[in-house]
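Report on one structure; see the data block that follows.
The values are calculated or read from the model by the stated rules, or taken from the named source; none is laboratory data. All of these numbers come straight from a predicted model, not from anything done at the bench. With ideal geometry, Cβ positions are generated from the backbone for all residues, glycine too; neighbour counts draw on all protein chains shown. Remember, those area values only see protein heavy atoms, side chains included, never the ligands or the DNA or RNA. Shrake-Rupley method; radii C 1.70, N 1.55, O 1.52, S 1.80 Å.
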Amino acid sequence: MPDPRPHLGEPLALDLLNTRWMGADGLVDLLTDVPGLRQWLADNDLTARCAADEATRRAVVEAREAILRAVREESVDDLNTVLDHGRIRRALTTDGPADEVEVAHREWLPGWLAADNLLGLLAAPERIKQCAHPHCVLWFYDTSKNGARRWHSMATCGNRAKATRHYAKKSGDTAGD
């Protein structure tokens with residue numbers, strides 16, 4: 001089944017935030033059930049490593065809320081709580097050095113991976129952005145050269161904003177005639 005979300009391809013932490021989006025009838029949440037979790041795990045190549053069950057869904061939702069609070073600079077405590085569920089163990093394998101992720105409870109692996117991914121993105125926190133459209137809740141990592149990207153997608157939210165400005169300007173011009 002194709003992913004119903006309007007914006008894909010962001011780093012794991014932001015992709016997890018983007019499991020909520022504005023649909024025609026209001027806020028939509030992919031993670032309200034296990035099939036939605038299964039979709040998200042598949043989209044992020046995590047199905048071989050993570051179970052799609054109710055315990056994992058609850059842990060992933062908790063991680064999503066912690067990531068949201070962290071990127072909004074409301075609280076880091078919840079993100080640290082998610083990170084407490086796992087660790088990276090360095091090891092020397094027959095293939096050479098390796099970083100192995102360990103979690104005490106398997107349901108925390110996908111949420112922990114997303115929280116860990118956020119730590120990497122925070123090397124450039126100004127690049128983590130929420131779409132500037134007032135009715136959009138999606139997030140993106142700004143990879144533009146000058147860091148001035150404003151929309152999760154120019155084709156959708158950017159064009160809506162341009163159209164709104166155009167109609168407002170046109171209405172203003174005709175009002176004076």
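Laid out as a table, the results:
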item: Meets criteria (open to solvent by less than 40 Å² (accessible area, probe 1.4 Å) and of a type outside the set (Asp, Glu)) for residue 27; result: no
item: Long-range neighbours under 8 Å by Cβ, at least six apart or interchain, first residue within 10 Å of residue 112 (Cα to Cα) within the stretch 71-84, second open to solvent by 80 Å² or more (accessible area, probe 1.4 Å) and acidic (Asp, Glu); result: 82/62
item: Search result, residues across the stretch 107-127 that are under 15 Å from residue 9 (Cα atoms) and surrounded by fewer than 22 Cβ atoms within 10 Å (Cβ to Cβ); result: 117, 121
item: Condition broken by residue 68, with the remaining ones in (1) assigned to a strand (DSSP E or B); (2) in contact (Cβ under 8 Å) with a residue 24 or more places away in the chain; (3) not aromatic (Phe, Trp, Tyr) satisfied; result: (1)
item: Filter result (in contact with a helix residue (DSSP H, G or I) (Cβ under 7 Å, 6 or more places away or on another chain), open to solvent by 50 Å² or more (accessible area, probe 1.4 Å) and part of a loop (DSSP other than H, G, I, E, B)) within the stretch 33-65; result: 47, 49
item: Among residues of the stretch 136-177, those that are part of a loop (DSSP other than H, G, I, E, B), open to solvent by 50 Å² or more (accessible area, probe 1.4 Å) and either modelled with pLDDT under 90 or in contact with a strand residue (DSSP E or B) (Cβ under 6 Å, 6 or more places away or on another chain) (or both), counted; result: 5
